[in-house]
1. Largest first and in whole Å, what are the equivalent-ellipsoid semi-axes of the chain based on the Cα gyration tensor, each being the root of 5 times an eigenvalue?
2. Among the listed pairs LYS133/LYS167; LYS3/LYS77; LYS4/LYS73; LYS54/LYS127; LYS128/LYS159; LYS133/LYS159, give every one whose C-alpha distance is greater than 22 Å.
3. Just to confirm a number: summing +1 for Lys and Arg and -1 for Asp and Glu over residues other than ASN139 whose beta-carbon lies under 11 angstrom from that of ASN139, what do you get?
4. On C-alpha positions alone, give me the angle between the axis of helix 153-173 and the longest principal axis of the chain, in degrees, nearest 10.
5. Can you give the FRET efficiency to the nearest 0.05 for PHE81 and GLU218, using r as the Cβ-Cβ distance and R₀ = 30 Å?
6. Output the relative contact order of the stretch 26-74, whole-number percent, from Cα pairs under 8 angstrom with separation of 6+ residues.
7. Any idea what Rg and Dmax come out to for the stretch 149-219 if you just take the C-alpha atoms, in Å?
8. Quick one: 3J(HN,Hα) in Hz for the stretch 93-98, Karplus 6.51/-1.76/1.60 with θ = phi - 60°, rounded, Gly and Pro as x.
Amino acid sequence: MFKKDFKNQTVLVTGSSRGIGLAVAHAFDDLGAQLILHGRSAIPADVLDSFHQKPMTVEFDVANTEETEAQIKDLYKRPDFPGIDILVNNAGITKDQIAIGMSPADFAAVINTNLTGAFNVTQPIFKKMVRQKHGDIINMSSVVGLMGNIGQVNYAAAKAGLIGMTKTLAKEGARRNIRVNAIAPGMIVSDMTDALSEDAKANVLGNVPLARFGLAEEVAETAVFLASNEYITGQTIVVDGGLYI
Ligand SMILES: NC(=O)c1ccc[n+]([C@@H]2O[C@H](COP(=O)([O-])OP(=O)(O)OC[C@H]3O[C@@H](n4cnc5c(N)ncnc54)[C@H](O)[C@@H]3O)[C@@H](O)[C@H]2O)c1
């Protein structure tokens, strides 16, 4: 289906120990790519064993600028390191509360992880992509960044910020053969959405024309599509069953 040969491509997916990140990593692995899995702590052995090609791993808290920079620097120094062709900024958290009740700490934590965290990872890798004269970056935004959502002022701001970052990096990267796109998933079955109350789930489902939650694999297919099509940059693809129509 895809013209692009992923067999000689290396893909770093942040937050790939589970959920959407893991599904994205598996989708590229299925196409023969070399994966670099990332988590805050060590990736469990059963996750590593689920890949065809043995993945490399790297651990750091994306919200910690110094730690992120140091770990990425070390990664590039590893003797077996092939370079990064595709970066998927997927790591993210929620700390929901209506705006008038939200603590400054919860606002900052979500911005620091979901927005600044993506920048922390991207900046050193973008520099390398400029030097290697190619690269592909995919940012995991959210439909909430486009439409807002009660109780998610921090998350919506971070995810909308990611879309602005995507467009800017797309413009800065284009002449250097670096493409930057975003995916805006709606409600996807995952640990993040499992944590919602049954009422909250039913409420969202009532607004999804396709009347079901999405699958992590459906988001992963979109990431592969964006990495395959070399004439798309600066775009945000919504994968939400029609929620945002
Ligand atoms: N699940 C959904 O419905 C949905 C919808 C829209 C967007 N998203 C976005 O997709 C991405 C993945 O979501 P998910 O549902 O798979 O969530 P998840 O909670 O299952 O996975 C998130 C991953 O990010 C990692 N992570 C979180 N904070 C980190 C940090 N500070 N440093 C390093 N790693 C960190 C976690 O360890 C985990 O591996 C997130 O960015 C999320 O905002 C999810």
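1. On the way: eigenvalues 151, 78, 67 Å².
They are 27, 20, 18 Å, listed from largest to smallest.
2. Where the Cα-Cα span goes over 22 Å, the pairs concerned are LYS3/LYS77; LYS4/LYS73; LYS54/LYS127; LYS128/LYS159; LYS133/LYS159.
3. Numbers: positive: LYS159, LYS167; negative: none.
Result for the neighbourhood of ASN139: +2.
4. Orientation of helix 153-173: about 30 degrees from the principal axis.
5. Numbers: r = 31 Å, r/R0 = 1.04.
The computed FRET efficiency comes out at 0.45.
6. 34 percent
7. Computed over the Cα atoms of the stretch 149-219, radius of gyration and Dmax are 15.5, 48 Å.
8. Each residue's phi maps through the Karplus curve to give 9, 10, 9, 7, 5, 5 Hz.
Rule-based calculations on the coordinates, nothing more; no lab input. Everything numeric here is computed off the predicted structure, so don't read it as measured data. Positions of Cβ are generated from backbone atoms using ideal geometry, with glycine treated the same way; all protein chains shown enter the neighbour counts.
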